[in-house]
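Q: Before anything else, here's the structure in question.
The values are calculated or read from the model by the stated rules, or taken from the named source; none is laboratory data. Keep in mind it's a predicted model, so treat the numbers as computed, not measured. Ideal geometry is used to build each Cβ from the backbone, glycine not excepted, and the neighbour counts take in all protein chains shown. Surface areas here come from the heavy atoms of the whole protein model, side chains and all, with no ligands, DNA or RNA. Shrake-Rupley method; radii C 1.70, N 1.55, O 1.52, S 1.80 Å.
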Amino acid sequence: MSFSMRVVAFAFICFCSVLSAQVNAVKLMQSVEVDGKLNESVWKTFPPLTDLKQKEPNQGEAATERTEVWVAYDEHALYVAARLYDSSPDSIMALLDRRDNLNTADWFGVFLDPYRDKRSGNYFVIGPAGSIGDGVLYNDDWDDDDWDGVWEGHSTIDDKGWTVEIRIPFSQLRFQDKEQQVWGINFRRDIGRKNESVYLVYTPRMESGYVSRFPELVGIEGVKPANALEILPFATTKAEYTHPAPGNPFNNGSRYTPEMGADVRYGLSSNLILNATVNPDFGQVEVDPAVVNLSDVESFFSEKRPFFVESANIFTNFGQGGGRNFWNFNFPFTTPFYSRRIGRSPHGNDTLGTTSFLDMPFASRIFGAGKVTGKLGEGWNVGTIHAVTSREFADFKVGNIRAKAEVEPTTYYGVGRVQRDFNDGRQGIGVLGTYTQRQFSDNVLQDGLNNNGSFVGLDGWTFLDSSKAWVITGYANLSHVEGSRNRITGLQTNSQHYFQRPDASHVSVDTNATSLTGYAGRVYLIKQQGNIFFNSSFGVIDPNYEVNDLGFQSRADVINMHFGGGYNWTEPDGIFRRKEAGGGFGQSYDYQGNRIHLVLVHFGFVQFMNYYSINWNLAMNPVETINNRRTRGGPLTINQKGYEISLNGSSDYSKEIIAEAFVNTYFSDDSKYKNAGFWLQYRPAQNLSFSIGPQYEEERQRLQWFEGAFQPEPLAVATFGNQYVFGQLDYRSLSANIRMNWTLTPTLSLQLYLQPMISSGAYSNFRQLVKPKSEEYLLLGMDSSSIAYDHSTGEYIYDMDGNGPITAKTFSNPNFNSKSLRGNAVLRWEYLPGSAAYFVWTQNRNDYENVGDLQLNRSVGRLFGAKADNIFLVKMSYYFNM
């Protein structure tokens, strides 16, 4: 064959493959009973789609089991049917699990891009036992299972394998108002026992882009987007049995709280959805884990409330468009929208002073909240959230006087987002804005809260080549807050800013300021296709940057940069299925030019042919750096050189017993840290699983801040008129996460969760900083200094210079032993599609001692001897589709 004929033949094959990738939907002429049995004649009248290929384990090869798929529609819904042949039907992994718990098993899924923007969509998954999962697709490569649609899916196992029928109402999808619809579609099948996944189209290893590869779904005509009104009213009853202090006039140990509310969903147009909630209840969510936080950074907890997690990606994806792998290298965690600020715990308990009894609301009540998400015009993704929380009061008693005080003002929260991509997703640009406004009735609260806070950020990306291998992505932000002079002074001196640092030449406290304006930004250069990968960034957070009204920010005053890369081996070689090795370099400065972090990193990953895997991280801080936070607003100190080793291993996730194990260590002259644990899951039956994940932490921190470590002393000239004392902390912690999931039917499940935690901290070898930006510390009790513990008062008394002019100081014993036991049980029954009943039991036990030893036997005994607080909740909701 001549060269020209070979070219023509190759072009013809490519053209035919493109045509074959198109999926046709057939108009139904009869009703379909969605029972998973494929009895309807429509599934026999046109040929199925069968050409699914392996992504794993043998990329590009034909599937080991045949799959047949049909697509049909009527004026109300899209229907997907599938026959999934299996040569060993008795070996099908038919797990019965709660919604969205898509463990390794047999599954069939349909993925849709109804708007055909090649970046977003929805997915619907079902297993042989009827378990389901669903979610949204976004940023071309990512997915989020927080969205729960109202759809039907049933499956049946027979002697040929298993079959599936799915009905997806058009009211659950957003698509353009056109006579002839063209969507994107994909199918996936998982064969659990073989660790095999097959697709109609897949993303090849070491490439990016998933939704953009979907074949076209054609044939849907005369279908209009449904502007359906969906209403979900609910009623709850909560009973609390707690153990308040004796004589508490506000709580006798039992409380009963009935509530009612409603969630509303309405299609404003073919492309816009309105979600609203009135008096929302979030009582059925799982408890937050217990933590012991000895740092000056607020703990971050993930959002679990359905109203805020659904469709959240349009807001939380800010700054990450185009890329799929964002390395950090010690850049402070910050996000402009942290939805847990809405309905947070009231702030005002600090303004009440010392009280005999206090009855504080657990959270600020949300009067109502609304959210609009979707698309406008030529592909603009839009989203906005508006919420109002109520003015909250606390009852308190001082002596014989009872009174009520405002602890939280009425507050408005607003978020707006627009984003658009161009040129088939090769470029994109977006804007995110937030606004918080408080209406104060009690001026005392103004010294602890901003009057208002606003944020605006611009983000975007551009690919640098036609294959979308190289991408530049990033964001630029501006923040502004306003408040009273006392409030802004407090903001400047809090743990995010520390403007009062005496040896800082670039910041200072302005006690007359009534506002603060700052900026932040970060830009990435990423190579995300091919065996060689590369990742680099440059980011800044201005000292004045502040977004904690509606965002989350751990600290400011940082200039950070990193670069790194590595190599991926993606083809099996007889020993390994996959290998990866890489490394990087990162460093940070403050705006004064102090280098506050420097790290060299090596990492690696291997997966063996039996699907066991190991990954490791090696890190080194090769030189001393500056610590501008240890004294918490005081002078600079030194970070010593250090080394870190982390090792993790896991077994085959398709087996009845799954195991993971990890160990992490860090060593320096300042700190020695060890952390080890494992996670074990056992599934004795297809519908029952148990897991336990214990871990042990041990740390010796030579210079640990504690309450009372800072003391004014005019004669301490070298440390700017203050004394800074640190203790050697020996910290130990033992904890576990224990779960049981029992799924009785696809719509009825019981989930149990338990987290015991025991932690202790013993302080000794107290040292006082002698000279800033040095390793000069005075070990108290040495030379002319002294320190003694007074058992009668529980205080340490120390004197830096003995009989010298500096006066003796005191601080309370900082030792602690903290125990907690948190758990809950959730019985969930979806008695009709979209309608559910919850029965929830939550229990908390806590115990605290001012001792520094872990004392395991004693601690366990005291924990289980502690009085338990029990909360019982019943919630019923009913779904109306109008």
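Q: What shape does the range 79-192 have by the C-alpha gyration tensor, where a ≥ b ≥ c are the square roots of the eigenvalues, rounded means a/c under 1.5, and otherwise prolate means a/b greater than b/c and oblate the rest? Could you put the intermediate results ahead of the total?
A: Details: a/c = 2.15, a/b = 1.77, b/c = 1.22.
Prolate is the answer for the range 79-192, as a/c is 1.5 or above and a/b outweighs b/c.
Q: Rg(Cα) of the chain divided by 2.2 N^0.38 Å?
A: Values: Rg = 30.0 Å, N = 882, 2.2 N^0.38 = 29.0 Å.
Expressed relative to 2.2 N^0.38 Å, the Cα Rg reads 1.04.
Q: Excluding residue 852 itself, what net charge comes from residues whose Cβ is under 12 Å from its Cβ, given Lys and Arg +1 and Asp and Glu -1? Let's see the in-between values first.
A: Numbers: positive: 732; negative: 730, 849, 853.
Net charge around residue 852: -2.
Q: Check each of the GluC sites (Glu not before Pro) in the range 147-253 and keep only those in coil by DSSP with at most 13 other C-beta atoms within 10 angstrom; list them in order. Write down the numbers at each step before the final one.
A: Working: sites: 152, 165, 179, 196, 207, 216, 221, 230, 240; in loops: 179, 207.
Loop-located and lightly packed - 179.
Q: Using the per-residue mean of other Cβ atoms lying within 10 Å as a proxy for protection, in what order, highest first, do the peptides 365-375, 405-415 fall?
A: Details: 365-375: 19.3, 405-415: 21.0.
So the order, starting with the most tightly packed, is 405-415, 365-375.
Q: Distance in nm between label sites at residue 728 and residue 429, each 7 Å beyond Cα in the beta-carbon direction?
A: 6.0
Q: In terms of modelled amide H atoms, which long-range or inter-chain residues lie less than 5 Å from the amide H of residue 220?
A: Counting only residues 5 or more places away or on other chains, the set is 25, 181.
Q: For q values of 0.18, 0.22, 0.23 Å⁻¹, compute log₁₀ I(q)/I(0) with the Debye formula on a Cα-only model of the range 607-709, without solvent.
A: Results for the range 607-709 at q = 0.18, 0.22, 0.23 Å⁻¹ read -0.93, -1.15, -1.20.
Q: Right, next: Provide 422, 187, 563 ordered by accessible surface of protein heavy atoms (probe 1.4 Å), highest first. List each step's numbers first, then the result.
A: Working: 422 75, 187 0, 563 115 Å².
Putting 422, 187, 563 in descending order of accessible area: 563, 422, 187.
Q: Treating the angle as unsigned and between 0 and 90°, give the value, to the nearest 10°, between the Cα long axis of helix 856-865 and the longest Cα principal axis of the chain.
A: Rounded to the nearest ten degrees, it is 80.
Q: Along the Cα→Cβ direction, 7 angstrom out, place labels at residue 356 and residue 470. What is the inter-label distance in nm?
A: That separation, rounded to one decimal, is 7.4 nm.
Q: For the range 242-276, which chymotrypsin sites (Phe, Trp or Tyr not before Pro) are both in a DSSP coil and crowded by at most 15 other Cβ atoms within 10 Å? Don't skip to the end; give the middle numbers.
A: Numbers: sites: 250, 256, 266; in loops: 250.
Counting only loop positions with at most 15 other Cβ atoms within 10 Å, the chymotrypsin sites (Phe, Trp or Tyr not before Pro) in the range 242-276 are 250.
Q: Please name whichever of 528, 326, 861 sits farthest to the positive end of the charge dipole of the chain, dipole taken about the Cα centre and charges placed at Cβ: Lys and Arg +1, Asp and Glu -1.
A: Most positive-ward Cα: 528.
Q: So for each of 715-728, 796-809 I average, over its residues, the number of other beta carbons within 10 Å; can you give me the resulting order with the highest mean first?
A: Values: 715-728: 17.8, 796-809: 14.9.
In decreasing order of mean packing, 715-728, 796-809 become 715-728, 796-809.
Q: Sticking with this structure for a sec: For the chain, what % of the accessible area comes from carbon and sulfur atoms, probe 1.4 Å? Let's see the in-between values first.
A: On the way: 21340 of 38320 Å².
Reported share for carbon and sulfur atoms: 56 percent.
Q: Accessible area per residue for the range 553-599 in Å², computed with a 1.4 Å probe and the full protein assembly in place, what is it? Show your work: numbers first, answer last.
A: Numbers: 1800 Å² over 47 residues.
Accessible surface, normalised per residue, equals 38 Å².
Q: Please report how far the C-alpha centroid of the range 690-729 lies from that of the range 567-640, rounded to the nearest whole angstrom.
A: 25
Q: For the chain, build the charge dipole from Cβ charges (+1 Lys, Arg; -1 Asp, Glu) around the Cα centre, then report which of 214, 264, 440 sits farthest towards its positive end.
A: 214
Q: Moving on. Roughly how many nanometres apart are two label points built 7 Å out from the Cα toward the Cβ at residue 791 and residue 659?
A: Result: 4.7 nm between the two label points.
Q: Then there's this: Which net charge results when you count Lys and Arg as +1 and Asp and Glu as -1 among the other residues whose beta-carbon is under 10 Å from that of residue 545?
A: On the way: positive: 555; negative: 542, 546, 557.
It works out to a net charge of -2.
Q: Also, I was wondering about something else. Using a/c under 1.5 as the rounded threshold, could you call the range 231-370 rounded, prolate or oblate? The axes a ≥ b ≥ c are square roots of the C-alpha gyration tensor eigenvalues, and prolate needs a/b larger than b/c, oblate otherwise. Don't jump to the answer; show the numbers that get you there.
A: On the way: a/c = 2.62, a/b = 1.29, b/c = 2.03.
Oblate.
Q: Residue by residue through the range 807-814, which ³J(HN,Hα) values in whole Hz follow from phi under the Karplus form 6.51 cos²θ - 1.76 cosθ + 1.60 (θ = phi - 60°), with glycine and proline marked x?
A: For the range 807-814, the Karplus-derived couplings read 6, 6, 10, 9, 8, 6, 4, x Hz, x marking Gly and Pro.
Q: When the helices in the chain are scored as -39500 (n - 2.57) per DSSP H run of 4 or longer and the sum is shared across all residues, what 222 nm value do you end up with, to the nearest 500 deg cm²/dmol? Spell out each step's value before the answer.
A: On the way: 6 runs with 49 residues, N = 882.
Helices in the chain give a 222 nm mean residue ellipticity of -1500 deg cm²/dmol.
Q: Further question on the same structure: Can you tell me how the range 190-289 classifies by the Cα gyration tensor, rounded, prolate or oblate, using a/c under 1.5 as the rounded cut?
A: It comes out oblate by the Cα gyration axes.
Q: Taking a probe of 1.4 Å, how large is the accessible area per residue of the range 616-722, in Å²? Before the final figure, lay out each step's value.
A: Working: 5170 Å² over 107 residues.
Averaged over the residues of the range 616-722, the accessible area is 48 Å².
Q: Whole-Hz Karplus ³J(HN,Hα) for the range 469-475, in order, using 6.51 cos²θ - 1.76 cosθ + 1.60 and θ = phi - 60°, x for Gly and Pro?
A: 7, 9, 9, 10, 9, x, 8
Q: Note down the relative contact order for the chain as a percent, whole number, built from C-alpha pairs under 8 angstrom at least six residues apart.
A: On the way: 2354 pairs, mean separation 76.3, N = 882.
Relative contact order of the chain: 9 percent.
Q: Quick one: helix 3-20 against the long Cα principal axis of the chain, what's the angle to the nearest 10°, folded into 0 to 90?
A: Value to nearest ten degrees: 80.
Q: On to the next question. Roll a 1.4 Å probe over the protein chains and send me the accessible area per residue for the range 781-882 in Å². Please list the in-between numbers first.
A: Working: 5440 Å² over 102 residues.
Accessible area per residue: 53 Å².
Q: Over the range 89-138, consider all pairs of different Cα atoms and compute the Kirkwood hydrodynamic radius from their mean reciprocal separation; express it in Å, one decimal. All intermediate terms of the calculation are to be shown ahead of the outcome.
A: Working: mean 1/r = 0.0851 Å⁻¹.
Its Kirkwood hydrodynamic radius stands at 11.7 Å.
Q: May I ask you to evaluate 6.51 cos²θ - 1.76 cosθ + 1.60, the Karplus curve with θ = phi - 60°, for each residue of the range 745-758 and list the ³J(HN,Hα) values in order in whole Hz, giving x for glycine and proline?
A: 9, x, 10, 9, 9, 10, 10, 10, 9, 9, 9, x, 8, 10
Q: For the range 297-432, build the convex hull from the C-alpha positions and give me its volume per residue in Å³. Don't skip to the answer; put the middle values down first.
A: Details: hull volume 18.0 nm³, N = 136.
In the range 297-432, the Cα convex hull volume per residue is 132 Å³.
Q: Right, another one. Taking the square root of 5 times each eigenvalue of the Cα gyration tensor, what semi-axes in Å does the equivalent ellipsoid of the range 355-457 have, largest first?
A: On the way: eigenvalues 355, 33, 18 Å².
Each semi-axis is √(5λ); the values are 42, 13, 9 Å.
Q: If you average the alpha carbon positions of the range 350-387 and of the range 65-138, how far apart do those two centres end up, in angstrom?
A: Measuring centre to centre over Cα atoms gives 35 Å.
Q: For q values of 0.12, 0.17, 0.26, 0.29 Å⁻¹, compute log₁₀ I(q)/I(0) with the Debye formula on a Cα-only model of the range 726-792, without solvent.
A: The computed values of log10 I(q)/I(0) come out as -0.59, -0.81, -1.11, -1.20.
Q: Going by average Cβ density within 10 Å per residue, which order do the peptides 477-483, 779-785 take, highest to lowest? Write down the numbers at each step before the final one.
A: Working: 477-483: 21.4, 779-785: 13.7.
Going by the mean number of other Cβ atoms within 10 Å, highest first, we get 477-483, 779-785.
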